[in-house]
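The values are calculated or read from the model by the stated rules, or taken from the named source; none is laboratory data. Quick caveat, the model's predicted, so the values are computed rather than measured. Cβ atoms come from the backbone with ideal geometry, glycine included; neighbour counts cover every protein chain shown.
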Amino acid sequence: MRRLSLCLAFALLLIAPPRAALAQEAEIQNTIRSQIDAFLADDFATAFTYASPNIRAVFGNPENFARMVTQGYPMVHRPKEVTMGEMHDEGGVLWQRVEVTDAQGKPHVLDYQMVNTPEGWKINAVDVLRAEGLGV
């Protein structure tokens, strides 16, 4: 019986994600949700703080960043619904999948590239994906 218990405990350790990974995923998802909340409030100065140093350098200020978001990512600026998908690692780079339903009810799938900075997790890129069956 003890041997069975040890085997089950070991098996759970192998299949259960480590707590650190779960905490990291929660921090990443919180960063994305917080930026989207700022977009919904038209608080682009706060939304800009969730962008990586590289993104901030490219756009220079919240006003330029706001133009890029409203023109290039309207589904993120005014989402009706946001659902976090799986996080995945591509060559040491973390990507968080996010499913967004825009204000017109159209679904979109995006991948957020995340970077860890001294100030916490920041958004370094957003790729709009084509998802089968979603018509995006």
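Odds and ends about this structure:
- For the stretch 77-127, the set of residues classified as in contact (Cβ under 8 Å) with a residue 40 or more places away in the chain and hydroxyl-bearing (Ser, Thr, Tyr) consists of 112, 117, listed by residue number.
Listed here are the residues, each with its yes/no results for (1) within 14 Å of the chain's Cα centre (by Cα); (2) among the hydrophobic types (A, V, I, L, M, F, W, C); (3) exposed (fewer than 12 other Cβ atoms within 10 Å of the Cβ); (4) at pLDDT 95 or above.
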residue	(1), (2), (3), (4)
70	no, no, no, yes
86	yes, no, yes, yes
114	yes, yes, no, yes
123	yes, yes, no, yes
127	yes, no, yes, yes
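- Pairs with Cβ under 6 Å, 6+ apart, first in the stretch 58-76 and farther than 18 Å from residue 128 by Cα, second of a type in the set (A, V, I, L, M, F, W, C): 59/65; 62/44; 62/45; 62/48
- The selection criterion, being over 14 Å from residue 32 (Cβ atoms), surrounded by fewer than 17 Cβ atoms within 10 Å (Cβ to Cβ), within 17 Å of the chain's Cα centre (by Cα) and among the polar types (S, T, N, Q), holds for residue 54.
- Count of residues meeting criterion [within 23 Å of residue 105 (Cα to Cα) and crowded, with 17+ Cβ neighbours inside 10 Å] in the stretch 57-68: 1
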